[in-house]
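Working notes, beginning with the structure itself.
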Amino acid sequence: MPKAMIITVGTGRTGEDIAKAISSSIKNQEPSHIIFVVTNFSKNRTLPLILQDKIMSERSYEIFIIQDENDVEQIEIECENMIRKIIKEKSFSSQDLVVDFTTGTKAMSVGLVLAALNFQDISLSYISGRRDSEGRVIPGEEIIRIQTPNRIYYHSLFKEAVNLFNQYQFEASNQLISQAKSLLQDKEYLQRAESLAQLITAYSLWDKFELQNALETLNVLTKLSDTKKLLQNWEVLNIIEKNKPFLYREVNTKYAGEMAIDLLENSSRRAQEGKYDDAVARLYRCLEYLGQYRLYNRYNQIETKSVDINKLPKSLHSKYQNIQDESGEITLSLYKSFELLKDLNDELGKEFIKDYTGKEKEIKKLLSIRNNSILAHGFQPIGESQFHSLKEILEKYINIAIDNFKELKKNSKFPQIKI
């Protein structure tokens, strides 16, 4: 397959020594196209000696002049733009490119390598060998070293995968760590990548309310001694150990307080992504669930989808018989759930109805905003302030309904990896 080579061109003692080394590198790589990265001085002193070598016959080339040979940052920018242009206009992929940074100023070499590292799969070439008293490779002693800097790419991908995990971008994080796993076969590196991949999987499942699978994944992850050590080094093990019993109760308890808190935290994660419509949809479900939770756990396991009228005080039978459907079922809407709680003299029910029907009618206004959103019955977008207003009310209700709210909320937090 045709290959392109990008070469920094220096001056050396006379120019001839550099030209010979570069010609040897070209002979070794056999590129079809070459980009010479030069200064105005090396263009006039060294480049003509390379171009007259027979190794350049039948090869296309172009000359790229560095504006300031001592400005690393500017060289990186210039070379990155140059590489992108080659890929776009010459139809080379990054796998087809070899960067030789042997000669040129130190700033030229560093700038070009930094630019190359922005493109995965570019190979790096360097001429080494026995050196003279001035530190230059002795002619005839050249050894051409070629390598794809997979460890550098691995660390870059791993770090970005961690950043995405910490931002709850689990799908994107998983894609990056999958790429990282393919770069190296070293056991230690593979274990780190696989441990992170499993951690991503666990919290991605949890974030999608696949709670049983999330719990099983975390249990497996924390049973392995080597993995536990990694999790400890990343400062997430203690958080995971708090998350597991939270998840266990959520999975194994009907109408668990943990579910209400999970919905609240899930909404906060969506809000951090700027997805306020999604966030408010979760808050709405949280509010609905709170009513169900309270009725089930405080009042003889009443369920809003099918209220057993015999579980109600006789004083309420007449009222609730009047809302039976044709089959005799009593199904409660969100509002009716809290109205029943109020009728049962429940603090949560009384607080909700007060907020709904009082002078400000704050909760009613906020629920109306939700009902007019794209995820309900309209097309009105929801903003950050509206989300926070509804969340504040929800936290007030949860604090009434769930005794150990603050502790459970702390135990429901997703970990933030520190590397």
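Each reported figure results from applying straightforward, stated rules to the coordinates on display, with no laboratory input. What you see is a predicted model; the values in this text were computed from it and never measured. A quick note on method: Cβ atoms are made from the backbone with ideal geometry, for glycine too, and the neighbour counts reach across all protein chains shown.
Using Cα pairs under 8 angstrom and six or more residues apart, how large is the relative contact order of the stretch 4-148, in percent?
That works out to 25 percent.
With a 10 Å radius around each residue's Cβ, average the other Cβ atoms per peptide and rank 13-21, 187-195, highest first.
Packing proxy ranking, top to bottom: 13-21, 187-195.
With 10 angstrom as the radius, rank MET82, MET259, MET108 by how many other C-beta atoms surround their C-beta, starting from the fewest.
MET82, MET259, MET108
Quick one: order ASP262, ASP308 by neighbouring beta-carbon count within 10 Å, fewest to most.
Lowest count first: ASP308, ASP262.
Could you work out how much longer the chain between GLN175 and PHE379 gets when fully extended? Use 0.36 nm per residue separation minus the Cα distance between them, nm to one decimal.
70.2 nm
Based on alpha-carbon centroids, what's the gap between the stretch 21-74 and the stretch 381-419 in Å, whole number please?
So the separation of the two Cα centres works out to 61 Å.
Enumerate the lysines that LYS43 could reach by cross-link, defined here as Cα to Cα under 29 Å, with residues fewer than 8 away along the same chain left out.
List returned: LYS3, LYS20, LYS27, LYS54, LYS85, LYS88, LYS90, LYS106.
I'd like the orientation of helix 334-343 relative to the chain: the angle between its Cα long axis and the longest Cα principal axis, in ° from 0 to 90, rounded to 10.
Between helix and principal axis, roughly 40 degrees.
Per DSSP helix of 4 or more residues, -39500 (n - 2.57); summed, then divided by the residues of the chain. What does that give at 222 nm, rounded to the nearest 500?
About -18500 deg cm²/dmol.
Just want to confirm a number: the relative contact order over the chain, from Cα pairs under 8 angstrom separated by 6+ residues, in percent.
After rounding, I find 11 percent.
How big is the stretch 153-252 by the Kirkwood estimate over distinct Cα pairs, in Å?
Result for the stretch 153-252, one decimal place: 13.7 Å.
So what's the gap between the Cα centers of the stretch 152-213 and the stretch 230-297, to the nearest angstrom?
The stretch 152-213 and the stretch 230-297 have Cα centres separated by 22 Å.
Which label marks the calculated value of mean projected area of the Cα convex hull in nm², given the options (1) 29.4; (2) 19.0; (3) 20.5?
Label (1) holds the value from this structure.
Which of the lysines could a cross-linker bridge to LYS254, judged by Cα under 19 Å and excluding same-chain residues fewer than eight apart?
Cross-link targets: LYS208, LYS244, LYS305, LYS311, LYS409.
Given the Cα-Cα distance of GLU329 and GLU303 and 0.36 nm per residue of separation, how much length would full extension add, in nm?
8.2 nm
Taking the Cβ of each residue in LYS305, LYS361, LYS181 as the centre, tally the other Cβ atoms inside 10 Å and list the residues starting with the fewest.
So the residues, fewest neighbours to most, are LYS305, LYS361, LYS181.
Between GLU16 and ASP226, what length comes free when the chain is fully extended (0.36 nm per residue of separation minus the Cα-Cα distance, one decimal in nm)?
70.1 nm
Roughly what would the spin-label model give for LYS187 and HIS317, points 7 Å off Cα along C-beta, in nm?
About 7.4 nm separates the two model spin labels.
Relative to the first principal axis of the alpha-carbon coordinates of the chain, what is the inclination of helix 257-272, with its axis defined by its Cα atoms, in degrees from 0 to 90 and to the nearest 10?
Once rounded, the angle reads 40 degrees.
At a Förster radius of 45 Å, what calculated FRET efficiency corresponds to the Cβ-Cβ distance of ASN44 and GLN95, to the nearest 0.05?
0.85
I'd like the chymotrypsin sites (Phe, Trp or Tyr not before Pro) in the stretch 309-380 restricted to DSSP loop residues with at most 16 other Cβ atoms within 10 Å, sorted by number.
Filter output for the stretch 309-380: PHE379.
As I understand it, the value is the acute angle between the Cα axis of helix 276-298 and the longest principal axis of the Cα atoms of the chain; what does it come to in degrees, rounded to 10?
Between the helix axis and the principal axis of the chain, the angle is about 40 degrees.
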